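Just so it is clear, none of the values below were taken in a lab; they were calculated from the coordinates. Just so you know, these numbers come straight off a predicted model, no measurement behind them. With ideal geometry, Cβ positions are generated from the backbone for all residues, glycine too; neighbour counts draw on all protein chains shown.
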Amino acid sequence: MTKPVRLKPSQLRWQCNPKLLRFQNLREVSSCEWIIGQPRAIDAIKLGLNVKYPGYNIFITGPVGTGRTTAITKLLEDLKVKGDLRDLAYVNNFKNPDMPRLIELPGGQGRKFKAAIRQLISGLKTSIPEVFDSEEYQKRKQTIVERYGSKHRALLKDFEKEVEEQGLKLTTIQMGSYVRPAIVPVVEGKPVSLEEAEALIKQRKMAEDDYQKMVQRIRALEVNMAKIYGQIREIQETANAELEKLNEWMVKPVVVNLVEDTKRRFPGAKIAAHLDEMINAIMSSLEQFLKKDTKEEDFRQYYVNVVVDNAETKDVPIIFETNPNYKNLFGTIERQAIVPGVTASDFMNIKAGSLLRANGGYLIINALDALTEPGVWPALKRSLRNGVIDIQVFDPFYVFTTSALKPEPITIDVKVIMIGNQWLYYLLLHQDEDFKKIFKVKADFDTVMEKNTRNINEYASFVKSICNGEALLPFAKEAIAEIVEYSVRVAGRKNKLSTRFNIIADTIRESDYWARQAGKKEVRAEDVDTAITNWRRRMNMVEDKIQEMIDNDILMISTKGTAVGQLNGLSFYQLGNYAFGRPVRITAKVSLGRAGIINIEREANLGGRTYNKGVLILSGFLKSRYAQDHPLAIDATLGFEQSYSEVDGDSASSAEIYALLSALAKVPLSQELAVTGSVNQHGEIQAIGGVNEKIEGFYEVCKAKKLNGKHGVIIPESNIDDLMLKQEIVDAVAAKKFRIYAVRTIDEGIELLTGIKTGRRTKTGYEKNSINYMVAQRLKEYAEKMRGFTKTDK
């Protein structure tokens, strides 16, 4: 049977020997410009960045502070890729304005094309009026006007003569905003209306027959008038056609000449087709160029809306979208007010999002932000799956804000990099079929790295980069060693260093603060220790409150003497980014019965799944060891005293077995020791989490009640490499004021707690006067009594 190990001070904390640091002072160290401790993630990212096939987008996982954003930024900066950058612009579709057309130009040409079109329109605003004001144009126009005007006048003159010969008059009548020709009677040399003429009959100034004949003449002439005015309209249409031909002959060459110059500067079939349509649009609205009080908006239909401008992009676009809502990612179509309460949109209101601006390059977004924004995830999947983006308005109240515009879709080639955590990655992997097709590369950032000489010295480079970048005081060699030791504590294993560089960076900054407060010109090891101590003090108010209740015996914890069926377990509290441990009293009571082990926490709905599993394993251990010849005829209750919230985890299962064995054997347990460790059905002690915090928590309680040299903690042997205790505890162990034991089995632990040997099993049973013997005898007695009760019942 193995024996428990009493740990030496050297086993309780790893000390960073300054000799491991290959420099004398920080000036000799290079500032860190590389990524530390993430080879697996970096290789994955490089693969994703360099593979150009569809679907090789990257999902970066890992806790905050492991350098995810810094790593991708650095790798993208070092990625020397020359992309075929394209500017994207929307122009008016003159044939169908609701479907704006897309024009692609080489990078940097978009703004030039936009300026060229504005210059073209500006030139036309000068050139077209000059043509119209020219003597040649006016002369030809006058000829056309006079030729068709004479025909017009001749027709009207002949008709007016015919009307007057019949004693009538051709005049005009105002009808609202319109004027129409009319034939009216003439009475006593004055034109009157038919109503006035009809009134003369009643006044006996006109005979009824004369009135009726006059009306008949008017109706007949109105028929002729309709024919005459039809001829006049034909004359006007012919004249307008002649004028249009004149404009085509004299104005169009000017327009074409200016447009052709733009075509030569910006070659391409799509641009040429658009400019040809623009010529036709200009020729059909020449009067717009003749107005003297025109505004810039009057010529909006001819302008260019450059939605992506890569004029200042050197290599490839790299876009970090910190607010990935629908509008920011995919763009939108803005609305402009026409009149109060009425809005409209056209191609100039189209705005690109970051996905489009990253076209040909890389887009980095936070996964959780993208998933929680309405409409973003489905649209992102659709865009990446199809390689096409449609710019549309997204509005939850779309019923009231629809847009008739449907811009031409844009083909995209963009690498999307999402930064999230593990649970979100696996949630998408299992719940979304498209996810595995469009995010084929997972880059997993670890929280720890190997503790070796190279990585220790890279830590020094990291300290140097923080000091240089933020103008901090230089760190002494011993201060950097203290930072490395703290990194090991954060990592949770002696052979690991933490890659949670946000925590380390904050410690570096706070160490600088305390050094400055002390008036130092260099950060020393004690300044780092002060920074860590003060950080804990800022965070540990709850811990202090619990300690205060223990000191005042509100929470009952015994640290001296012995007790049957009672011992000190160790609990672990995680409050945000701060964790601490404190002892808790665990008790066991046994009696004759059939219920078996009763878990009070579970019965009160205060036990978590892992905790309940630990209690069931405890039952398996008891049955395998003590119920081979007879059944377990006991009622045993286990409880965490003064615990009123949920208990989870199996780290108390060994303590519960010790309490139960003590209650069955009627052997007292030492209250000077606290216990942590999970157990399996073979009675082997398994590793647990938070071992440093648990030891430190019990040490603080014992210190408050005065250390007697017998106080200590029993931990699993497999947790030895996790120990990175406060120096104060290491010193207390060295001074033999505190003890730490490591055990492999339940047998080792019960011997420490009782001072009685566990006892081997022989052919006749367990060794007499051993713990196992006493437990087995008690259970045998219970089984016999239960058998007697059973016979009596029958």
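Along the chain, the exposed loop sites are GluC sites (Glu not before Pro) outside DSSP states H, G, I, E and B with at most 16 other Cβ atoms within 10 Å, and the longest stretch free of them is 34-187.
With both labels modelled 7 Å from their Cα along Cα-to-Cβ, the L20 to Q777 distance reads 5.3 nm.
Which chymotrypsin sites (Phe, Trp or Tyr not before Pro) from segment 400-440 combine a DSSP loop assignment with at most 10 other Cβ atoms within 10 Å? In loop regions of segment 400-440 (DSSP not H, G, I, E or B), the sparsely surrounded chymotrypsin sites (Phe, Trp or Tyr not before Pro) are F400.
Within the straight-line cut-off of under 23 Å between alpha carbons, the lysines reachable from K263 are K95, K112, K114, K125, K252, sequence neighbours fewer than 8 places apart in one chain being disregarded. Measure nothing but the geometry: give the 0 to 90° angle between the long axis through the Cα atoms of 477-491 and the longest principal axis through the Cα atoms of the chain, rounded to 10°. For 477-491 against the chain, the angle is about 90 degrees. Each listed q (0.06, 0.08, 0.10, 0.11 Å⁻¹) maps to a log10 I(q)/I(0) for the chain, found by the Debye formula over equal Cα scatterers with no solvent: -0.66, -0.91, -1.13, -1.21. Compared with the direct C-alpha span, the chain from S718 to R538 gains 61.6 nm at full extension, assuming 0.36 nm per residue.
Over the residues of the chain, the helix contribution to mean residue ellipticity at 222 nm works out to -15000 deg cm²/dmol, using -39500 (n - 2.57) for each DSSP H run of at least 4. On a 0 to 90° scale, report how tilted helix 653-665 is relative to the longest principal axis of the chain, with both axes built from alpha carbons and the result rounded to the nearest 10. Taking Cα atoms only, the helix is inclined about 30 degrees.
Within the same chain, lysines fewer than 8 places from K227 are excluded, and of the rest, those with a Cα less than 20 Å from its Cα are K151, K157, K161, K169. Here segment 652-703 yields Rg over Rh of 1.01, to two decimals, using C-alpha coordinates and the Kirkwood radius. Checking every one of the chymotrypsin sites (Phe, Trp or Tyr not before Pro) in segment 23-68 against DSSP loop status and a limit of 16 other Cβ atoms within 10 Å picks out F23, W34.
What does the net charge come to around E450 if you take all other residues with beta carbon closer than 15 Å to its beta carbon, with K and R at +1 and D and E at -1?
Net charge around E450: +3.
Taking trypsin sites (Lys or Arg not before Pro) across segment 194-243, the ones in a DSSP loop with at most 11 further Cβ atoms lying within 10 angstrom of their Cβ are R204, K205. For segment 37-96, the alpha-carbon radius of gyration amounts to 1.68 times the rule-of-thumb value 2.2 N^0.38 Å expected for a compact globular protein. Listed by chain and number, the aspartates and glutamates whose C-alpha is less than 16 Å from the C-alpha of K710, apart from same-chain residues fewer than 8 away, are E672, E696, E700, D731, E751. For the pairs K8/K706; K545/K694; K327/K406, flag any whose C-alpha to C-alpha distance is greater than 19 Å. The pairs that break the limit, which is 19 Å between Cα atoms, are K8/K706. Here the Debye sum runs over all C-alpha atoms of segment 232-381 as equal scatterers in vacuum, and log10 of I(q)/I(0) at q = 0.18, 0.19, 0.20 Å⁻¹ comes out as -1.17, -1.22, -1.26. Distances longer than 23 Å among the Cα atoms of segment 471-574: what percent of all pairs is that? Here the tail beyond 23 Å accounts for 46 percent of pairs.
With Rh defined as the Kirkwood radius, the inverse of the mean 1/r over Cα pairs, the Rg/Rh of segment 392-502 is 1.23. Dipole orientation for the chain: of the candidates G123, I36, V215, I36 has the Cα lying most toward the positive pole (charges on Cβ; Lys, Arg +1; Asp, Glu -1). What you get for the chain, charging only the Cβ of Lys and Arg (+1) and of Asp and Glu (-1), is a dipole of about 3440 debye around the Cα centre.
If you model segment 1-110 as an ellipsoid using its alpha carbon gyration tensor, with each semi-axis the square root of five times an eigenvalue, the axes come out at 55, 21, 12 Å, biggest first. When all alpha-carbon pairs of segment 697-794 are counted, what percent fall beyond 15 Å? Considering segment 697-794, 72 percent of its Cα-Cα pairs are separated by more than 15 Å.
Other residues lying with their Cβ under 10 Å from the Cβ of V615 contribute a combined charge of -1, Lys and Arg counting +1, Asp and Glu -1.
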